[in-house]
Amino acid sequence: MRSESSRRGRTSTRTWREGSRTARYWDAKLIGWAALSVSLGVITAALVARLVPGLAGALLSALAMWAGVAVVIVIAFRRGRPRGLLRFRSVDLLYAVVFGIALRAVQGWFGMAAGDSGAFPSYPSVDGALPRLWWFTDGVAPVVIAPVLEELLFHGVLLVAVYRIARRGLEGATLALIASTAAFVAVHAVTSGVARWDETVSLTFVGLTCGLLVLLTGRIWGAVLTHVVFNGAWVLLLFVGTLLG
């Protein structure tokens, strides 16, 4: 009886990487819901952007895309909460600073290799002033909202589900990393119009790095914060370039 109780105790504390039953409903059905909801979000966002001009169209388009992603995340966490995935450790902040800045530097090197001048980017101005709601469209949205939603979707829901379906282990981790990175790059290519090779390579590096952080630590927040720092560094460069200009 004692050994049986000990076995149950050990099983109950396993993380999602170790086969915890808390992630048992993050499965192929959830991936199907994710594909459907994100596809509807992408299509709706594209239609709104085409039908509604200007800033209003851009905002509504972004909201449609975020809604499609948010629905998946809500469904996933209603089905289960993989043990360990949402834990936060202070070292996650260190990962974010180191990898976020390194990835932004790599993106800059690839950009220059593709023909960029290497000069600071800057915000476009309208009659000498920044566009309306620039602080949201170019600040809050890419630095706060997008990283949280994207990481929970690609390196939370998708990565964990594929890892479980593939029966864990090195093979499962490899397949989950490839699948989540491919989906991450593909959705950005469709929604952001990524066309240059350096943008594709940079996004691939971001996807691989964030995916590896989740697989190696079992936690999502290192990936989320790395994405935040990566996007935030770009906003900071824009701000500096605008001031210098």
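Rule-based calculations on the coordinates, nothing more; no lab input. Here the structure is a predicted model, which is why all the values come from computation and not from measurement. Don't worry about glycine lacking a Cβ; one is built from the backbone with ideal geometry, like all the others, and counts go over all protein chains shown.
Brief remarks on what is shown
- Rel. contact order, % - alpha carbon contacts under 8 angstrom, at least six apart, the range 85-244: 44
- Derived scalar couplings between HN and Hα for the range 215-230 equal 5, 7, 9, x, 10, 8, 6, x, 5, 4, 5, 4, 5, 4, 5, 4 Hz in order, rounded to whole Hz, by the Karplus curve 6.51 cos²θ - 1.76 cosθ + 1.60 (θ = phi - 60°), x for Gly and Pro.
- Loop-exposed trypsin sites (Lys or Arg not before Pro) per DSSP, neighbour cap 11 Cβ within 10 angstrom, longest uninterrupted part of the chain: 1-131
- Model label points for residue 35 and residue 171, set 7 angstrom from Cα along the Cα-to-Cβ axis, are 2.1 nm apart.
- Across the range 98-104, rounded Karplus estimates of 3J(HN,Hα) from the backbone phi angles (6.51 cos²θ - 1.76 cosθ + 1.60, θ = phi - 60°) give 5, 6, x, 5, 4, 5, 5 Hz, Gly and Pro being marked x.
- For the range 85-244, the dipole from Cβ point charges (+1 on Lys and Arg, -1 on Asp and Glu) about the Cα centre works out to 580 debye, to the nearest 20.
- Computed per residue of the chain from DSSP H runs no shorter than four, each worth -39500 (n - 2.57), the mean residue ellipticity at 222 nm is -23000 deg cm²/dmol.
- In the set [x] 111; [y] 180; [z] 132, the label that goes with volume of the Cα convex hull per residue in Å³ computed for this structure is [z].
- Unit charges at the beta carbon, dipole of the chain: most positive-side option, 241, 38, 55: 38
- Acute angle (nearest 10 degrees) that the helix 2-12 long axis makes with the longest principal axis of the chain, alpha-carbon atoms: 10
- Footprinting exposure proxy for 73, 178 (fewest neighbouring C-beta atoms within 10 Å first): 178, 73
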